[in-house]
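Asks: Once you've had a glance at the structure underneath, I'll fire off some questions.
The values are calculated or read from the model by the stated rules, or taken from the named source; none is laboratory data. Keep in mind the model is a prediction, meaning the values are calculated, not measured. Glycine also receives a Cβ, built like all others from the backbone with ideal geometry; neighbour counts cover every protein chain displayed.
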Amino acid sequence: MGMYRGRAATYALLALVFGGLSYAVGVGSLLGQRAEASVLEAASFTYDPPAPLSLVSVPAIIVVLLLLGGLALWVHGSRRAIGVVVIPTIAIVVSQLLKQRVLERPGLFELDAENTFPSGHMTVFTVVCAAFIWSVPRALQPAAAVLGAIVTGIAAWQLLEFGWHRPSDLIGALSLGVLVFAVAALLRPRPASRASRATPRFIAGMNKILGVLLTIAGVTLVAGGLALTVAAGWFTSAELMITGAQVALVGASALASRALLALSPA
């Protein structure tokens with residue numbers, strides 16, 4: 001339990017650091033605002049996106065969380081079921097309060113835009129991914145994390161491609177989702193798990209491989225995306241800038257899923 005609490009505290013601190021940096025650089029600095037404006041310039045704006053982005057609505061969120069709560073009740077019991085419904089709800093509410101009431105986007109150059117940090121849509125995808133990981137049996141959690149990384153990565157790509165959000169908005173949302181679940185993990189230490197000891201050796205080995213692959217894929221994509229954004233600044237290419245941001249955010253989605261997997265109780 002001590003190791004689990006230490007891991008949760010570490011992820012909470014990292015989420016605070018990355019979330020704070022994304023706001024300070026992307027929202028609060030002239031260089032960041034100009035870079036993100038170039039991302040928006042290259043976006044193909046649409047109000048009728050395909051799935052999964054088009055699936056987000058208040059009724060859909062309620063239904064999904066209740067379904068995941070039912071799954072968690074069946075697999076893990078009432079305490080986990082309550083957490084799977086309540087924790088994502090808290091994160092979504094906090095996201096809206098931060099965006100609409102607390103944080104603001106200063107006009108540092110010829111830009112008149114409302115604050116969109118952190119992204120409400122990306123917060124939803126992040127916490128639903130976390131709730132899914134926490135709901136399924138322990139042996140299936142790494143596979144759930146991979147599926148969650150794919151869905152959140154697609155959503156991140158769409159949010160940038162269709163001009164709905166800036167990169168910092170998405171990093172802030174990913175950080176917020178990890179932070180809220182890390183705090184929840186701190187408040188509820190993981191007990192010793194008989195289920196994890198009973199996991200077949202083959203499945204346990206495959207789970208470790210999936211976790212490593214998520215980490216490698218995330219780090220590689222983030223590094224590649226950052227390299228593309230540097231090249232975009234060198235060549236003054238808005239198209240290359242948005243591609244680099246999309247690649248980096250897909251990688252960040254994978255790393256967030258890996259963090260949520262590490263925070264999941266047995």
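Asks: Kindly indicate the residue of region 112-123 that is out of contact with any Phe, Trp or Tyr (no Cβ under 9 Å at 6 or more places or on another chain) and either at pLDDT 95 or above or among the aromatic types (Phe, Trp, Tyr) (or both) and also surrounded by the fewest Cβ atoms within 10 Å (Cβ to Cβ) among those meeting that condition.
Replies: Among them, the one singled out is GLY120.
Asks: Among the residues of region 30-55 satisfying the criterion of being under 18 Å from VAL124 (Cα atoms) and touching a residue at least 24 places away in the same chain (Cβ under 8 Å), which is surrounded by the most Cβ atoms within 10 Å (Cβ to Cβ)?
Replies: Per the criteria, the residue is LEU53.
Asks: Same structure again: Consider THR126 carefully, then state whether it is assigned to a helix (DSSP H, G or I) and either of a type in the set (Phe, Trp, Tyr) or surrounded by 19 or more Cβ atoms within 10 Å (Cβ to Cβ) (or both). First the steps, then the outcome.
Replies: Working: assigned to a helix (DSSP H, G or I): yes; either of a type in the set (Phe, Trp, Tyr) or surrounded by 19 or more Cβ atoms within 10 Å (Cβ to Cβ) (or both): yes.
Judged against the criteria, THR126 is a match.
Asks: Anything in region 144-193 that is surrounded by fewer than 20 Cβ atoms within 10 Å (Cβ to Cβ), in a loop (DSSP other than H, G, I, E, B) and on the phi < 0 side of the Ramachandran plot? List them, or say none.
Replies: If the condition is that a residue be surrounded by fewer than 20 Cβ atoms within 10 Å (Cβ to Cβ), in a loop (DSSP other than H, G, I, E, B) and on the phi < 0 side of the Ramachandran plot, then PHE162, ARG188, PRO189, ARG190, PRO191, ALA192, SER193 are the ones that fit.
Asks: Being closer than 28 Å to LEU140 by Cβ and polar (S, T, N, Q) is the filter here, so list the residues in region 70-117 that pass it.
Replies: SER78, THR89, SER95
Asks: Say we look at region 1-29 and pick out the residues that are of a type outside the set (A, V, I, L, M, F, W, C), within 12 Å of ALA185 (Cα to Cα) and touching a residue at least 24 places away in the same chain (Cβ under 8 Å); which of these is surrounded by the fewest Cβ atoms within 10 Å (Cβ to Cβ)?
Replies: Ranking the candidates gives ARG5 first.
Asks: If you go through region 146-162 one residue at a time, do you hit one that is modelled with pLDDT under 95 and touching a Gly at 6+ places or on another chain (Cβ under 9 Å)?
Replies: The answer is no, given that none of the residues of region 146-162 is modelled with pLDDT under 95 and touching a Gly at 6+ places or on another chain (Cβ under 9 Å).
Asks: Sort out which residues of region 97-116 are assigned to a loop (DSSP other than H, G, I, E, B) and of a type in the set (S, T, N, Q), and write them in order of number. Break it down into steps so the answer makes sense when it comes.
Replies: If we filter region 97-116 for residues that are assigned to a loop (DSSP other than H, G, I, E, B), which is where we start, we get 103-116.
The answer is ASN115, THR116.
Asks: Among the residues of region 54-76, count how many are in a helix (DSSP H, G or I) and under 30 Å from ARG166 (Cβ atoms). Can you show your working first?
Replies: At the first step, the residues of region 54-76 found to be in a helix (DSSP H, G or I) are 54-55, 58-75.
Subset that is under 30 Å from ARG166 (Cβ atoms): 54-55, 58-65, 68.
So the count comes out to 11.
Asks: Taking region 97-126, which residues are of a type in the set (D, E, K, R) and touching a residue at least 12 places away in the same chain (Cβ under 8 Å)? Before you say what the answer is, go through the steps one by one.
Replies: Our first condition is that a residue be of a type in the set (D, E, K, R); within region 97-126, this holds for 99, 101, 104-105, 110, 112, 114.
Of everything in region 97-126, those that are of a type in the set (D, E, K, R) and touching a residue at least 12 places away in the same chain (Cβ under 8 Å) turn out to be LYS99, ARG105.
Asks: Quick one: which of LEU260, LEU240 is over 17 Å from GLY163 (Cβ atoms) and either assigned to a helix (DSSP H, G or I) or at pLDDT below 95 (or both)?
Replies: On the way: LEU240 fails: over 17 Å from GLY163 (Cβ atoms).
On inspection, the qualifying residue turns out to be LEU260.
Asks: If ALA145 satisfies every condition in (1) aliphatic (A, V, I, L, M); (2) in contact with a Lys or Arg (Cβ under 7 Å, 6 or more places away or on another chain); (3) farther than 21 Å from ARG7 by Cβ but one, which is the exception?
Replies: Status for ALA145: all satisfied but (3).
Asks: Give region 127-143 a look and list any residue that's hydrophobic (A, V, I, L, M, F, W, C) and in contact (Cβ under 8 Å) with a residue 24 or more places away in the chain, or say none. It would help to see each step written out before you state the result.
Replies: Filtering region 127-143 down to residues hydrophobic (A, V, I, L, M, F, W, C) leaves 127-134, 136, 139-140, 143.
VAL127, VAL128, CYS129, ALA130, ALA131, PHE132, ILE133, TRP134, VAL136, ALA139, ALA143 - these are the residues of region 127-143 that are hydrophobic (A, V, I, L, M, F, W, C) and in contact (Cβ under 8 Å) with a residue 24 or more places away in the chain.
Asks: Within region 103-145, which residues are under 13 Å from the mean Cα position of the chain (by Cα) and either over 19 Å from ALA81 (Cβ atoms) or of a type in the set (Lys, Arg) (or both)?
Replies: PRO118, SER119, GLY120, HIS121, MET122, THR123, VAL124, PHE125, THR126, ALA145
Asks: Out of region 77-96, which residues are without any contact (Cβ under 8 Å) to a residue 60 or more places away in the chain and either in contact with a Ser or Thr (Cβ under 7 Å, 6 or more places away or on another chain) or not in a helix (DSSP H, G or I) (or both)?
Replies: Correct list: GLY77, VAL84, ILE92.
Asks: Are any of the residues in region 56-70 without any contact (Cβ under 8 Å) to a residue 60 or more places away in the chain, more than 21 Å from THR152 (Cβ to Cβ) and surrounded by 13 or more Cβ atoms within 10 Å (Cβ to Cβ)?
Replies: Checking region 56-70: at least one residue is without any contact (Cβ under 8 Å) to a residue 60 or more places away in the chain, more than 21 Å from THR152 (Cβ to Cβ) and surrounded by 13 or more Cβ atoms within 10 Å (Cβ to Cβ).
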